[in-house]
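K.L.:
Handing you a structure now.
The values are calculated or read from the model by the stated rules, or taken from the named source; none is laboratory data. Just so we're clear, the structure is a prediction, and the values are computed from it rather than from any experiment. Positions of Cβ are generated from backbone atoms using ideal geometry, with glycine treated the same way; all protein chains shown enter the neighbour counts.
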Amino acid sequence: MKHEPFLSATTTTVATVVLGPADFRSIADILRAEARISLGEGKINLVQSRLARRLRECRLDNFPAYLRLVRDDAEERERMIDALTTNHTHFFREKHHFDHLRAEILPRLKARADTGQPVRLWSAGSSSGEEIYSVAMTLAGTSPGEARWLGGDVRLLATDLSAPMVEAVAVARYPSIGADQVPLPYRAAWLQSEGGEVAVDPRLRALVTARPLNLFAPWPFRGQFDVIFCRNVMIYFDADARASLEARLVAQLRPGGTLYIGHSERLSRTVAARVQSCGQTIYRKPEGA
Ligand SMILES: C[S@@+](CC[C@H](N)C(=O)[O-])C[C@H]1O[C@@H](n2cnc3c(N)ncnc32)[C@H](O)[C@@H]1O
């Protein structure tokens, strides 16, 4: 599958205002400071065209004025970061992860729930929620009867830096075309067609909590997770930021818990030494760790 960069070359916005190298570096510094996203020099044209629309909407005709606004106004800073990040995602992306979840992890999660233990799954960098609802459908199977075990203490969490993405997770409505990626039995059981959209069944929606969270801010969790999906997020961070995030993700897993990362991501050597590889970009925290 083609990798979609945060800064996609498919943008159609026509830039009318020129972004100079110094202003580009200031924007890159803000992105690094706020989200730890690393922007190479080669992205200057892309940044210019991505932000041209923001300048127009703010009725500004030059980047220095826009940068002054961004420094003074936290909301515009958030909008700028949103404009510069790509939220590309789709249902059952990297399907082998969901096959693994169903075949290898689901029986253990059911066993925990059956004995009254909490079951917690987290999509970190969830974008608009297709990932967490793919997880939810995998856990729920293909009928309400199969999903009955989810009535135990089972919670799914989706977090993202972007407030509009978090809102999209909560709304849980997607263009019908996106539902083509969902295996038919899941689709028949859990997605309802409404006009040109599909709505996720309220019973699955109720399992999912959506929250804004910058992965580099302190995390508000009291417990650990059985499963963490953090896919196609870390590639955009520099090596130090990646390594520290990976270590925190592993620390946040329950012993025996599973971490799924994106197909083009690799764990740093130190973190890889602390987990067991159990499939392509799938890692298990050893019991007793
Ligand atoms: C390409 S999407 C990946 C979505 C999904 N995980 C997948 O694999 O399909 C990357 C997401 O990471 C989010 N993101 C980027 N930097 C972040 C940060 N520092 N903290 C939290 N989320 C971040 C972006 O807003 C975006 O929605």
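K.L.:
Given the residues 125, 152, 129, which is the only one that is outside the structural domain of residue 44 (by TED's automatic domain parsing) and either away from the ligand (no atom under 14 Å from the Cβ) or among the acidic types (Asp, Glu) (or both)?
P.N.:
152
K.L.:
Shifting gears a bit: State all residues of the stretch 133-151 that are outside any helix (DSSP H, G or I) and either in contact with a strand residue (DSSP E or B) (Cβ under 7 Å, 6 or more places away or on another chain) or buried (at least 18 other Cβ atoms within 10 Å of the Cβ) (or both); if no residue qualifies, say none.
P.N.:
Within the stretch 133-151, just 141 meets the criteria.
K.L.:
Looking at (1) of a type outside the set (D, E, K, R); (2) surrounded by fewer than 22 Cβ atoms within 10 Å (Cβ to Cβ); (3) closer than 26 Å to residue 264 by Cα, find the lone condition where residue 196 falls short.
P.N.:
(3)
K.L.:
Listed residues 60, 106; which is in a helix (DSSP H, G or I) and not aromatic (Phe, Trp, Tyr)?
P.N.:
It is 106.
K.L.:
Hey, among 172, 189, which residue is in contact with a strand residue (DSSP E or B) (Cβ under 6 Å, 6 or more places away or on another chain), farther than 25 Å from residue 80 by Cβ, surrounded by 14 or more Cβ atoms within 10 Å (Cβ to Cβ) and of a type in the set (Gly, Ala, Ser)?
P.N.:
Step by step, each of 172, 189 is checked, and only 172 is in contact with a strand residue (DSSP E or B) (Cβ under 6 Å, 6 or more places away or on another chain), farther than 25 Å from residue 80 by Cβ, surrounded by 14 or more Cβ atoms within 10 Å (Cβ to Cβ) and of a type in the set (Gly, Ala, Ser).
K.L.:
Restricting the stretch 73-91 to residues that are surrounded by fewer than 20 Cβ atoms within 10 Å (Cβ to Cβ) and more than 10 Å from the ligand (Cβ to nearest atom), which is nearest to residue 197 (Cα to Cα)?
P.N.:
83
K.L.:
For the condition within 15 Å of the ligand (Cβ to nearest atom) and charged (D, E, K, R), what is the one hit in 160, 114?
P.N.:
160
K.L.:
Is it true that some residue in the stretch 51-62 is within 21 Å of residue 241 (Cβ to Cβ) and surrounded by fewer than 19 Cβ atoms within 10 Å (Cβ to Cβ)?
P.N.:
No, the stretch 51-62 contains no residue that is within 21 Å of residue 241 (Cβ to Cβ) and surrounded by fewer than 19 Cβ atoms within 10 Å (Cβ to Cβ).
K.L.:
With the condition being modelled with pLDDT under 95 and away from the ligand (no atom under 16 Å from the Cβ), I'd like the strands (runs of 3 or more DSSP E) fully within the stretch 189-289 carrying at least 1 qualifying residues.
P.N.:
Those strands (runs of 3 or more DSSP E) span 191-194.
K.L.:
Tell me, please, whether a residue that is under 17 Å from the mean Cα position of the chain (by Cα), in a helix (DSSP H, G or I) and in contact (Cβ under 8 Å) with a residue 60 or more places away in the chain can be found in the stretch 110-132.
P.N.:
yes
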